[in-house]
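Encoded as structure tokens, the structure appears first; notes follow it.
The values are calculated or read from the model by the stated rules, or taken from the named source; none is laboratory data. Because the structure is predicted, anything quoted here is derived from the model rather than measured. When we count neighbours, we look across all protein chains shown, and the Cβ atoms used for this are built from the backbone with ideal geometry, even at glycine. Note: areas computed on protein heavy atoms with side chains; ligands, DNA, RNA excluded. Shrake-Rupley method; radii C 1.70, N 1.55, O 1.52, S 1.80 Å.
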Amino acid sequence: MSKSTPYEVEQKFSLRGRADQVLARLNELGATFTGEIRQIDRYFNHPVRDFAQTDEALRIRSVGNSNFVTWKGPKIDSRTKTRREIETPLGDGQQTADQFGETLEQLGFRPVAVVSKQRQQLELTRDGNHFEVVLDEVDQVGSFMEIELLADEAGLAEAQAAVLMLSAELGLDTPERRSYLEMLLETTDQAGQH
């Protein structure tokens, strides 16, 4: 494994009724709003190993006209959602995303679900760390905040401690370890049982 491949150190929290309070605290800490985007994530499962069992993810993300393919490895820590992540840009346009999805299907990958979300992006620099903080309104799932740092292997412990400290400062103490995909699948499974 290349040491330059980043790890994503992240915590996610449900914002049921607390979004304004948490945003106000972020503003007090000096966070800056950097934009709002719509993300469409199409997830695929491997032909011979179940990503739900291996705690991996493979997706095609479309943001406006831009597309990316992302693999996320298993979580390696019980307090944060630290995992290795490799993201590669694809060509632009819906046709490119559709063709890459078709290529995966021809190789035996199975489409799992599509996660759509409206994302507000903020940045916060504290103690030499550059945090990405996002507020997500996820279709059929709810409102969430994610706090993220990217780190190499040598900086993992420091990044994890920094994310935990910032979440505590924001009064967020019950992290959500499930992915949006897992929550969406649980929601659709429950809806199908009624």
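Size of the dipole of the range 86-144 about the Cα centre, Lys and Arg at +1 and Asp and Glu at -1 on the beta carbon, nothing else charged, in debye to 20?
120
Using a 1.4 Å probe and counting only protein heavy atoms, arrange I40, I60 so the residue with the most accessible area comes first.
So the residues, ranked largest to smallest area, are I40, I60.
Under the 0.36 nm per residue contour assumption, what length would be gained going from the current alpha-carbon distance of E87 and Q121 to full extension?
Full extension from E87 to Q121 adds 10.4 nm.
When the accessible area of the chain is split by element with a 1.4 Å probe, what percent falls to carbon and sulfur?
Exposed carbon and sulfur together represent 49 percent of the surface.
Note down the nm distance, to one decimal, between modelled labels 7 Å out along Cα→Cβ at E186 and at I37.
Result for the modelled spin labels: 2.7 nm.
Give me the angle, in degrees from 0 to 90, between the Cα long axis of helix 180-193 and the longest principal axis of the Cα atoms of the chain, rounded to the nearest 10.
So the helix axis and the longest Cα principal axis differ by about 60 degrees.
Can you pull the one-decimal nm distance between simple spin-label points at Q21 and Q140, each 7 Å off the Cα toward Cβ?
3.0
Top to bottom by accessible area (1.4 Å), largest first, where do S78, S66 land?
Result, largest first: S78, S66.
Ordering E102, E182 from largest to smallest accessible area (1.4 angstrom probe), what's the sequence?
Working: E102 110, E182 75 Å².
Largest to smallest exposure gives the sequence E102, E182.
Would you mind calculating the relative contact order of the chain from Cα pairs under 8 angstrom and at least 6 residues apart, reporting the percent as a whole number?
30
So the label point goes 7 Å from the Cα of Q99 along Cα→C-beta, right? Which residues of the range 22-55 then have their backbone N under 17 Å from it?
No residues fall inside that zone.
Please list, in chain and number order, the residues 5+ apart from V112 or on another chain whose amide H is under 5 Å from its amide H, with Hs placed from the backbone.
The answer is Y43, F44, N45.
Per-residue ellipticity at 222 nm for the chain, helices alone: DSSP H runs ≥ 4 residues times -39500 (n - 2.57), over residue total, nearest 500 deg cm²/dmol?
Value at 222 nm, helices only, nearest 500: -8500 deg cm²/dmol.
When ligands, DNA and RNA are left out and all protein chains stay put, how many square angstrom of accessible area per residue does the chain have with a 1.4 Å probe?
Using a 1.4 Å probe on heavy atoms only, each residue of the chain averages 53 Å².
T70 to E28: extension gain in nm, 0.36 nm per residue of separation minus the Cα-Cα distance?
The span from T70 to E28 would gain 11.8 nm if fully extended.
Go ahead and set up a Gaussian network model of the chain, Cα springs under 10 Å, then flag whichever of Q99, Q120, Q39 fluctuates most.
Result for the chain, Cα springs under 10 Å: Q99 fluctuates most.
Just how large is the dipole of the chain about the Cα centre, in debye to the nearest 20, putting +1 at every Lys and Arg Cβ and -1 at every Asp and Glu Cβ?
The calculated dipole for the chain is roughly 240 debye.
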